[in-house]
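Bear in mind these aren't lab numbers, they're just calculated from the coordinates by the rules spelled out. What you see is a predicted model; the values in this text were computed from it and never measured. Note that we place each Cβ from the backbone using ideal geometry, even for glycine, and neighbour counts take in every protein chain shown.
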Amino acid sequence: MPIVNTQAVVDARSARAGKDGALYNGKGQMLATVDTFSSKVNVSTTEYKPVGVLNAQNIVNGTAVTLTFSQYVVEDDTLIQEFMKFMDTGVVPEWNFTGVLKGDNGSEERIVYRNCVPNGDIDLQNVTPGELVKRSWTFQCNATPNLQKKLRK
């Protein structure tokens, strides 16, 4: 029997893992203590159902991008210092981030997240005996993410 899904037959050694990713701040400095990060887009829709139509349809009326990450606490880095200053003054810093995923062939996926603002719960101190101390962050991206580079096979 022939293989039906020829699109999925690739060299598994090219699959990306967490070791291939990194998160950078707006100055291009790697946030080296970040152990996990993710970005998600929430697409909101509105129901469209004109008179006389049985089947309702949805139309897109907005998107929202959230960037979340956690980092090991090694020192009070620039990010926490800026956040504490923001809490003191109420002035939101200019927070931009770049997520990078490197490929074996020298290519990379690079997505830039601009105009990010803190959103939801953010760990100031989260200490558990016997565990490494980590700080979790959540940002809402107020600009559309920009795909600057794409991975290639």
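A few comments on the model shown:
- Dipole magnitude of the stretch 23-153 about its Cα centre (Cβ charges: Lys, Arg +1; Asp, Glu -1), debye to nearest 20: 740
- Cβ-Cβ FRET estimate between Asn115 and Ala17, R0 fixed at 22 Å, reported to 0.05: 0.15
- As a rough guide to protection, the peptides 50-58, 90-98 ranked by mean Cβ packing within 10 Å, highest first, stand as 90-98, 50-58.
- Highest-MSF residue in the chain out of Lys134, Lys102, Lys19 [GNM, Cα springs under 10 Å]: Lys19
- Prolate/oblate/rounded call for the chain, Cα gyration tensor, a/c under 1.5 rounded: oblate
- With a Förster radius of 30 Å applied to the beta-carbon distance between Gln148 and Asp88, the computed FRET efficiency rounds to 0.35.
- Reach of Lys153 by Cα under 20 Å, taken over aspartates and glutamates that are not fewer than 8 positions away in the same chain: Asp11, Asp20, Asp104, Glu108, Glu109
- Across Ile122, Ile111, Ile59, mean-square fluctuation computed from a Gaussian network of the chain (C-alpha pairs under 10 Å connected) peaks at Ile59.
- Distance violations [Cα-Cα > 29 Å] among Lys40/Lys85; Lys19/Lys134; Lys85/Lys150; Lys27/Lys102: Lys85/Lys150
- From helices alone, the chain scores -2500 deg cm²/dmol at 222 nm; the rule is -39500 (n - 2.57) for each run of n ≥ 4 DSSP H residues, then divide by the residue total.
- Within a Gaussian network of the chain (alpha carbon springs, distance under 10 Å), most fluctuating of Arg114, Arg16, Arg135: Arg16
- Extension gain (nm, one decimal) between Glu75 and Gln29, 0.36 nm per residue minus Cα-Cα: 15.0 nm
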